[in-house]
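Here the structure is laid out as C-alpha cells; the discussion comes afterwards.
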C-alpha cells in the first residue's frame, strides 16, 4: 500500500512538474520586450503633469515605447516592421491595429515593433508638429542600431501605419533626409519600405482628415505647414517602395489620400502596389480577417518573407 501511495505521489508530482514547465515555457515564448524609446531625455519635451491613460487604446502618451514581438524562429527572415497604430493623433489604437498586426507578422517570421508614440500636445511639447515624427525616427534608429543584436538585417527595416498612423509612417518615409532627433552615429532614418493602411496622407483641406490635421497642426496652420506635412507633395525618387490598401467607401479618410499618393509614387518611378476594396469603410481590417493576404504576397514577392 505504501508503494502504491508513493507511486501515486511520484506520478502526480511528475504531471505537476510538466504542467508548470509548460506554463513557464508558454509565458517565456509569449513574453514581449518593452523598450523605452529614448535612453535619456525625451527631445522636444517640457515639464507637464499630464499622465498617460487607457488600456489597449492610449491617450496622453508622455513616455514613448516600442514593444518587440519576436519572429517565429522557424521562418525568421531578418526583416523588421515598425507598426504605427492610428487614432486621429488623439489616441493610439494600440491593441487593435498594433498588437494584433504584430502577432500576425511575427508568426510569419517578421520581427514586429509596435510604436506607442507621443500624441501632439502643446502641454508636453515645445513644438507639437514634430513630436510624433521624432518618435518614428527614433524607432527606426533604435531598431537599425540594434539589428545585429536582434538578428535582423539593418537594410530590411520597414514602417507600417494605420489611418493617422499612416500619416506618421508616410511622414517618416518622406522626411528622412532631415533628422529631428539626435543622431551622432548618422544612422539612416530612411525606412526600406512602407506599408500604409487606410492612411491619412494629405493635410490639404480637400483631402485631409480634419481631426488629424487639427491635432497635429492646429486649427489655423500656415500654408507652409500644410504643404510640408502633405506627404503626397514630399514624394521623391528615393521615397521607399510602398504598399497601400484602402476602401472606396471610406467616409472618414477619403480613399483619394491613397490614390494621390500612389500617383505621386508612380510618377517618381517608386515601386508601389495598391489594393482598394469596394466596401468596408474606415478600419476595414476589423471586418475582413483575410485583409493581410495580399500584403503577405507583396512581402513574399519582395523577398521579405521566407517561402
Q: Search region 53-75 for residues being in contact with a helix residue (DSSP H, G or I) (Cβ under 7 Å, 6 or more places away or on another chain) and part of a strand (DSSP E or B), and hand back the single one that is surrounded by the fewest Cβ atoms within 10 Å (Cβ to Cβ).
A: 58
Q. In region 85-103, which residues are surrounded by fewer than 22 Cβ atoms within 10 Å (Cβ to Cβ) and under 18 Å from residue 210 (Cβ atoms)?
A. 90, 91
Q) Does residue 149 satisfy being without any contact (Cβ under 8 Å) to a residue 60 or more places away in the chain, in the same structural domain as residue 86 (by TED's automatic domain parsing) and within 17 Å of the chain's Cα centre (by Cα)? A) no
Q) Of the residues 132, 120, which single one is within 23 Å of residue 56 (Cβ to Cβ), surrounded by fewer than 24 Cβ atoms within 10 Å (Cβ to Cβ) and assigned by TED's automatic domain parsing to the domain that holds residue 209? A) 120
Q) What's the number of the condition residue 49 fails, among (1) surrounded by 10 or more Cβ atoms within 10 Å (Cβ to Cβ); (2) modelled with pLDDT under 95; (3) closer than 21 Å to residue 122 by Cα? A) (1)
Q. Could you list, in sequence order, the residues of region 216-251 that are buried (at least 16 other Cβ atoms within 10 Å of the Cβ) and over 19 Å from the mean Cα position of the chain (by Cα)?
A. 217, 221, 225, 226, 228, 230, 232, 233, 234, 235, 247, 250
Q.
Would you confirm, using the coordinates I've provided, whether residue 273 is within 25 Å of residue 108 (Cβ to Cβ) and in contact with a helix residue (DSSP H, G or I) (Cβ under 9 Å, 6 or more places away or on another chain)?
A. yes
Q: Identify all residues within region 276-290 that are closer than 24 Å to residue 111 by Cβ and surrounded by 17 or more Cβ atoms within 10 Å (Cβ to Cβ); write none if there are none.
A: 285
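The values are calculated or read from the model by the stated rules, or taken from the named source; none is laboratory data. None of the values given here were measured: they were computed from a predicted structure. Cβ: placed from backbone, ideal geometry, glycine included. Neighbour counts: every protein chain shown.
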